[in-house]
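**Student:** Mind having a look at this structure? Questions to follow.
The values are calculated or read from the model by the stated rules, or taken from the named source; none is laboratory data. Only a predicted model underlies this, so the values are computations on that prediction, with no experimental measurement involved. Here Cβ is always computed from backbone atoms with ideal geometry, including for glycine, and neighbour counts include all displayed protein chains.
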Amino acid sequence: MTEPTGTSKDDQEPTGGKQSSAEASGAATEEQRTRGGEPPREGEVEQSADGAADTSPEGGTRLAPTRERRGMFGVRGTGDTSGFGGLTLPGYAPAPAERPYGGWFDELADELADALDRNGIARSAVRQITIDRGEITFYVERERILELCRLLRDEPALRFELCSSVSGVDYTAPDGAEVRQPLHVVYQLLSMTHRRRIRLEVALDVADPHVPSVVEVYPTADWHERETWDMFGVIFDGHPALTRILMPDDWEGHPQRKDYPLGGIPVEYKGAEIPPPDERRAYS
């Protein structure tokens with residue numbers, strides 16, 4: 001069997017070779033540490049819109065990792081037949097990364113910064129870069145998400161031609177603790193030219209859940225944005241037909257938001273009602 005020779009970029013690995021991630025084929029972790037790179041740590045500051053350091057950990061957009069995980073399977077005595085029993089996840093959030101990032105991440109960050117300068121977009125449009133679990137995430141100002149996506153798609157050195165997913169996350173604290181901009185929109189981008197994947201995130205206030213639609217740049221985002229609106233209530237301004245895709249058109253609320261009830265929802269065609277998990281009958 002001959003080795004694959006086709007490649008989308010002459011100086012990159014051949015198609016079918018080892019995946020070109022920072023861990024597998026980029027700079028070794030030891031080399032990165034030798035050059036001064038450090039693993040992400042919670043509590044470091046991020047860049048604010050005016051270029052100054054934000055004094056709040058993570059810019060206040062996520063929870064600090066201070067909560068213990070409780071519940072899940074094996075809970076007894078609650079009457080919960082779902083298996084979750086009041087599941088509480090730890091509020092973990094990766095901290096902003098510092099240069100050098102390692103692997104192709106540094107090259108990508110430099111190419112993106114140069115592209116921003118050439119197109120007259122302030123570098124503060126990217127508020128934070130995080131490296132976590134061998135993946136890179138760019139936290140973006142919501143007003144700049146559309147033009148940043150167009151730049152990422154069209155620049156020859158970037159060429160992220162495909163948006164494979166748009167989804168939502170609600171980081172509202174289960175204990176009622178205040179979280180700034182808990183509603184996040186996550187974009188997964190793929191460069192088929194350079195065989196790279198990145199993630200974009202936009203943080204929103206629950207009271208103002210508006211973000212520009214990226215459908216005109218990535219048509220694949222059409223139904224993904226509809227589902228994110230349906231489940232999380234994010235309003236994608238400029239979407240060609242922002243209607244529900246899973247729930248009935250007249251449904252009230254958005255089922256994957258943290259403030260949505262776990263049970264007690266009437267079933268219209270039978271007149272029944274599903275009780276909350278902690279009030280259901282236990283069978284063991």
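**Student:** What number of residues in the stretch 216-231 are assigned to a loop (DSSP other than H, G, I, E, B) and over 24 Å from GLU111 (Cα atoms)?
**Tutor:** Adding up the residues that qualify gives 2.
**Student:** Can we say LEU200 is farther than 20 Å from TRP104 by Cβ and under 16 Å from the mean Cα position of the chain (by Cα)?
**Tutor:** No: the conditions fail for LEU200.
**Student:** Okay, next question. Restricting the first residue to the stretch 241-257 and requiring it to be free of Cβ contacts under 8 Å to residues at least 40 places away in the same chain, which pairs with a second residue that is in a loop (DSSP other than H, G, I, E, B) meet a Cβ separation below 6 Å and a spacing of at least six or different chains?
**Tutor:** Matching pairs, first to second residue: GLY253/TYR260; HIS254/GLY233.
**Student:** Please enumerate the residues belonging to the stretch 146-161 that are closer than 18 Å to ASP222 by Cα and assigned to a loop (DSSP other than H, G, I, E, B).
**Tutor:** PHE160, GLU161
**Student:** Name the residue that is farthest from VAL215 (Cα to Cα), counting only residues in the stretch 162-174 that are in a strand (DSSP E or B) and out of contact with any helix residue (DSSP H, G or I) (no Cβ under 7 Å at 6 or more places or on another chain).
**Tutor:** It comes out as VAL169.
**Student:** In the stretch 186-193, is there at least one residue being more than 30 Å from TYR101 (Cα to Cα), out of contact with any helix residue (DSSP H, G or I) (no Cβ under 9 Å at 6 or more places or on another chain) and without any contact (Cβ under 8 Å) to a residue 60 or more places away in the chain?
**Tutor:** Within the stretch 186-193 (the criterion being more than 30 Å from TYR101 (Cα to Cα), out of contact with any helix residue (DSSP H, G or I) (no Cβ under 9 Å at 6 or more places or on another chain) and without any contact (Cβ under 8 Å) to a residue 60 or more places away in the chain), the answer is no, since none of the residues qualifies.
Listed here are the residues, each with its yes/no results for (1) over 26 Å from SER191 (Cβ atoms); (2) at pLDDT below 95; (3) more than 22 Å from the chain's Cα centre (by Cα).
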position: THR66; (1), (2), (3): yes, yes, no
position: VAL75; (1), (2), (3): yes, yes, yes
position: THR81; (1), (2), (3): yes, yes, yes
position: ARG99; (1), (2), (3): no, yes, no
position: GLY102; (1), (2), (3): no, yes, no
position: GLU111; (1), (2), (3): no, no, no
position: GLU135; (1), (2), (3): no, yes, no
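**Student:** Return the total of residues in the stretch 233-260 being part of a loop (DSSP other than H, G, I, E, B) and of a type in the set (Phe, Trp, Tyr). Even if it seems obvious, please write down each step before you answer.
**Tutor:** Looking only at the stretch 233-260, we keep the residues that are part of a loop (DSSP other than H, G, I, E, B), and these are 233-234, 238-260.
From what's left, of a type in the set (Phe, Trp, Tyr): 251, 260.
Residues flagged as part of a loop (DSSP other than H, G, I, E, B) and of a type in the set (Phe, Trp, Tyr) within the stretch 233-260 amount to 2.
**Student:** For the stretch 176-193, name all the residues that are assigned to a loop (DSSP other than H, G, I, E, B) and over 15 Å from PHE160 (Cα atoms).
**Tutor:** GLY176, ALA177, GLU178, VAL179, ARG180, GLN181, PRO182
**Student:** In the list GLU216, GLU225, which residue meets the criterion of being within 30 Å of GLU147 (Cα to Cα), among the acidic types (Asp, Glu), at pLDDT 90 or above and in contact with a His (Cβ under 6 Å, 6 or more places away or on another chain)?
**Tutor:** The match here is GLU225.
**Student:** Additional query: Which numbered condition in (1) in contact with a strand residue (DSSP E or B) (Cβ under 9 Å, 6 or more places away or on another chain); (2) under 14 Å from ILE145 (Cα atoms) is the only one that ARG196 fails?
**Tutor:** (2)
**Student:** Looking at LEU190, LEU183, which one is under 16 Å from the mean Cα position of the chain (by Cα) and closer than 14 Å to LEU108 by Cα?
**Tutor:** LEU190
**Student:** When you scan the stretch 113-145, how many residues do you find that are of a type in the set (S, T, N, Q) and not in a strand (DSSP E or B)?
**Tutor:** Residues that pass the stated criteria total 2.
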